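To start, the structure under review is shown below, and the notes come after it.
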Amino acid sequence: MTARIIDGKTIAAELRGRVADAAHRLARDRALVPGLAVVLVGSNPASEVYVGSKTKATVGSGMRSFDHRLPATVGEADLLTLVGRLNRDPVVHGILVQLPLPAHIDSQKILAAIDPAKDVDGFHPVNLGRLAAGLPALAPCTPLGCIILAKTVHPSLEGLDAIIIGRSNIVGKPLALLMLGENATVTVAHSKTENLPEVCARADLVIAAVGRPEFVRKSWIKPGATVIDVGITRLPVPGEPGKSKLVGDVAFAEAAEVAGAITPVPGGVGPMTISCLLANTVRAACMQAGFPIPDFSKPSSDERSRD
Ligand code: NAP
């Protein structure tokens, strides 16, 4: 069997189109232009690239973007003051503080200071708690992306036997909560899980968020299962000094021989994250204005029928 490739780039672009349509309708019919504020502290090159892409995507989707670049020496109190100001600013509907922050700043304190209604990264404990309680919440972007990708293969996740490998606060745990909300039967594996290959081989849906390159092997995958690979590790290319490549948590070539569908790395989960951030910004703007909240979690019928 050769797996169908789940094309994250195309699905993310389709989602971005739906978000842009929703933003356009809000501006036209209700005079509401969703706004996203991104705070970048210091000059980490990877963060600079990521923030640049977010700004471009936000403006390209018809929303307002507010960039705040602060020196690496900024004090925690000054950063908290900025977050407080953004919390009160009515044209800012979403606030994202780019991580990692410099060591002298307590990231948890900064994230907890963001108004949960504007927490478009979905990292605030209030949003995680609301997710756990099954209440409307802003959910973290990468897990949301995984759900949308899985739904391109399984329009309903109800009753599916799903395993999530990894239990981090930003991927594994919120993803487990989202999957429970979809009525999947969820196993969450971690570094202390026993007999992981056997447990994994029972699953109809495997989601790997471990951070260990090519950790999940072909023999762990039930024939026909859907595999979503969240992992991203940059590794040197053997024999090509100075060159590197991105590798996922799944041994892609061998897993694709047994899986029914699989995401590549790069080009799978990665592109979904920014699109889900834009979706959360539109949702946050609607929540704050008391307007109906659009549901972007289902891929369009075009996406579902693509082979
Ligand atoms: P993390 O915080 O390091 O968590 C890794 C998880 O994997 C932990 O729960 C850990 O278990 C588990 N684990 C480690 N070794 C294991 C083993 N031998 N067997 C089973 N489980 C094991 O990582 P993360 O932040 O969730 O990220 C995971 C991967 O996803 C990384 O490669 C990251 O770069 C990638 N990522 C991608 C995106 C994106 O595409 N946009 C976004 C976020 C993350 P314990 O809890 O027991 O330690």
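FYI, it's all coordinate maths here, none of it is from the lab. A quick note: this is a predicted structure, and the numbers were derived from the prediction, not measured. Cβ: placed from backbone, ideal geometry, glycine included. Neighbour counts: every protein chain shown.
Taking 0.36 nm per residue of separation and subtracting the Cα-Cα distance, what length does fully extending Ala27 through Ser244 add? List each step's numbers first, then the result.
Working: separation 217, 0.36 × 217 = 78.12 nm, distance 4.29 nm.
Separation in residues times 0.36 nm, less the Cα-Cα distance, equals 73.8 nm.
With no other cysteine's Cβ closer than 4.7 Å, which Cys residues of the chain count as lacking a disulfide-compatible partner?
Cys146, Cys200, Cys286
How big is region 28-115 by Rg and Dmax over its Cα atoms, in Å?
Reported Rg and Dmax, both Å: 13.4, 45.
Against the 2.2 N^0.38 Å scaling, with N counting residues, where does region 141-270 land? I'd like the Cα-based Rg ratio to two decimal places. Kindly include the intermediate steps, with their values, before the conclusion.
Working: Rg = 14.1 Å, N = 130, 2.2 N^0.38 = 14.0 Å.
Against the compact-globule rule of thumb, the ratio is 1.01.
Take the residue pairs Lys192/Lys245; Lys9/Lys173; Lys192/Lys218; Lys9/Lys243; Lys109/Lys245; Lys56/Lys118 and return only those whose Cα atoms are more than 27 Å apart. Please report the intermediate quantities before stating the final value.
Values: Lys192/Lys245 29 Å; Lys9/Lys173 25 Å; Lys192/Lys218 21 Å; Lys9/Lys243 23 Å; Lys109/Lys245 34 Å; Lys56/Lys118 20 Å.
Violating the 27 Å limit, Cα to Cα: Lys192/Lys245; Lys109/Lys245.
From Cα coordinates alone, what are the radius of gyration and Dmax values for region 74-210 in angstrom?
Reported Rg and Dmax, both Å: 17.2, 52.
Please give, to one decimal in nm, the separation of the simple spin-label points placed at Gln108 and Ile5, each 7 Å out from Cα toward the Cβ.
Taking the simple label geometry, Gln108 and Ile5 are separated by 4.2 nm.
In whole Å, what are the extents of the chain along the principal axes defined by its C-alpha atoms, from largest to smallest?
Sorted from largest, the Cα extents of the chain read 53, 46, 36 Å.
In a Gaussian network model over the chain where Cα atoms closer than 10 Å are linked, find which of Asp21, Asp115, Asp89 has the largest mean-square fluctuation.
Result: Asp89 has the largest fluctuation of those listed.
Just round it to a whole percent: the fraction of Cα-Cα distances in region 136-181 exceeding 14 Å. Can you show the working numbers first?
Working: 485 of 1035 pairs.
In whole percent, the long-distance tail amounts to 47.
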